[in-house]
Amino acid sequence: MSPPASRGSGRHPWVCPHGSLCHPAALAAASPAGDECLEEDEEELEAGLDEVEAEPEAGSGAKAAGGTRGALLTRRGITLRVLLRDGLLEPARGVLSIYYLGKKFVGDLGADGTITWQETGQVFNSPSAWATHCKRLVNPAKKSGCGWASVRYKGQKLDQYKAAWLRQHQPNAPPPAEESLASEGEEEEMPEEEEEEVPREGRVPVPEPAVAKKAEEKSKKQQCKSLVEPAGTDHGPPGRRLESKPRVPVRYCTLGTRDSARNPQTLVEVTTFAAINKFQPFNVAISSNVLLLLDFHSHLTRSEVVGYLGGRWDTNTQLLTVLRAFPCRTRLGDAEAASAVEEEICQSLFLRGLSLVGWYHSHPFGPALPSLHDIDAQMDYQLKLQGSGNSFQPCLALICGPYYPGNPGVESKIAPFWVMPPPEQRPNDYGIPMEVEVAYIQDGFLTNDVLQEMTLLVEFYKGAPDLVKFQELWSQDQTYLDKLKGSLASRTPKDQSFTHILEQIYSLLKLSS
């Protein structure tokens, strides 16, 4: 099941997870301390270079290989200013780029050796600082950026220009023994296999947006505009019961490298952050009304359903609060209807002052575990929801399994998950599905929005061949309607003033089916 949306990164920061993963408090800093250290180190090198350049050169020995310049500048001492001064690079707009985990960053090279990130206008003093900053936006677990091996100048990695400078100015110098390609001050780290601007094997490329990417130019309404109907799902005839054949989940460690021949519907067990000795990168609180509405939606049909999550992200507390569910009242494959539903949801988010913070879908008769397709889709969404903004914003995925026989009782299993990027030395591996711990907030009453949405859903699925027949038996002594009521009971507010409205909705369900 894919999430709802065309996944354009510029049309909304999808409208967009973390301290080994970084401690949540560290994520609030716009420029991590590691970046500052890298910049300071290279600035010190630049200062030393300036002092050398200020001294008069005595004879030709200063320029000879192994002379003053060569003796002072080791591989780690070569900076962008050195390469610019000696003509290996030229200042220009848009000549620098980074490709990392499906996201592209573009920068301008200044005559003074600084890098200006085009999307935000931020200025960085070194490739290391820019690469680390950008990569931490995508994957806050990053400790360093491998700047010279990651940043490309006109398509070629900067470390190749550094090597060319050494060949030109120090041809007789012995090669450094096991010296990292990283700049001075950068952590020793295995060089990454950087992504090219091509789709990974076995993965559907994400369409690029047609709207400008400047975050400051986007309103909340514009941020939501790249919603479309889910892609990559089975558009079989209505009424076909999905998940009829049991799928046995596999452990992530058994997957290995991405394989296009592998069934994308393969279910994968989630991993806890504690199991890999990491902190959960953000906190989550979910309204009980959100769970009630998406659970109700998931119960209605034997086919998968999908919807969006609206809420707010607090960068100071690193808390994602999910306040509203927006069911997609459309059939998969109906692009025209999906566009209208998309616009309606955009308007609803905008009018309520909410941001798009995630999505949900159902596995009607299967466990609430992500499939390989779900993992890829969620990883894409995490990148797109982040968009061109200057800070991390999480994207939450929820899976609801209403009729899975393995559930312990009548209550549906609703499982939140998030995807950790694969190890950088293995960029073609699948992302790692992580279990997310959440706090559930019990609402005091059902809002009119929720009650109206439930009524509209009943009307939408009325007479559909895949509508669940609620008067039939779900178990030996319970009908499907009994099962639905039992599942919603724990998510229903204590206030009983709306009970008669819920009963009217249940009566409509029996008539509809």
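The values are calculated or read from the model by the stated rules, or taken from the named source; none is laboratory data. The structure presented is a predicted model; accordingly, all values stated were derived computationally and were not measured. FYI the Cβ positions are ideal-geometry reconstructions off the backbone, even for glycines, and counts take in every protein chain you see. When the accessible area is computed, the model is the full protein with side chains, heavy atoms only, and any ligands, DNA or RNA have been set aside. Shrake-Rupley method; radii C 1.70, N 1.55, O 1.52, S 1.80 Å.
Pairs 278/384; 413/485; 413/510: which exceed 19 Å Cα-Cα? If you can, show how the numbers build up before the last one.
Working: 278/384 24 Å; 413/485 14 Å; 413/510 24 Å.
Check vs 19 Å cut-off fails for 278/384; 413/510.
Can you compute the FRET efficiency between residue 277 and residue 510 using 1/(1 + (r/R0)^6), with r the Cβ-Cβ distance and R0 = 30 Å? Round to the nearest 0.05.
Values: r = 51 Å, r/R0 = 1.70.
The calculated FRET efficiency here is 0.05.
Calculate what fraction, in whole %, of the accessible area of the range 324-438 sits on carbon and sulfur atoms when a 1.4 Å probe is rolled over the protein chains.
Details: 1640 of 3260 Å².
Of all accessible area on the range 324-438, carbon and sulfur atoms account for 50 percent.
Can you give the local net charge around residue 416? Use residues other than it whose beta-carbon is closer than 12 angstrom to its beta-carbon, Lys and Arg +1, Asp and Glu -1.
Details: positive: 413; negative: 435, 437.
Neighbour charge sum, excluding residue 416 itself: -1.
Less than 14 Å Cβ to Cβ from residue 454, Lys/Arg counted +1 and Asp/Glu -1: what total charge do the surrounding residues give?
On the way: positive: 324, 329, 462, 485, 491; negative: 295, 449, 453, 459, 503.
So the surrounding residues net to 0.
Roughly how far apart, in whole Å, are the Cα centres of the range 260-286 and the range 435-513?
Their Cα centres are 29 Å away from one another.
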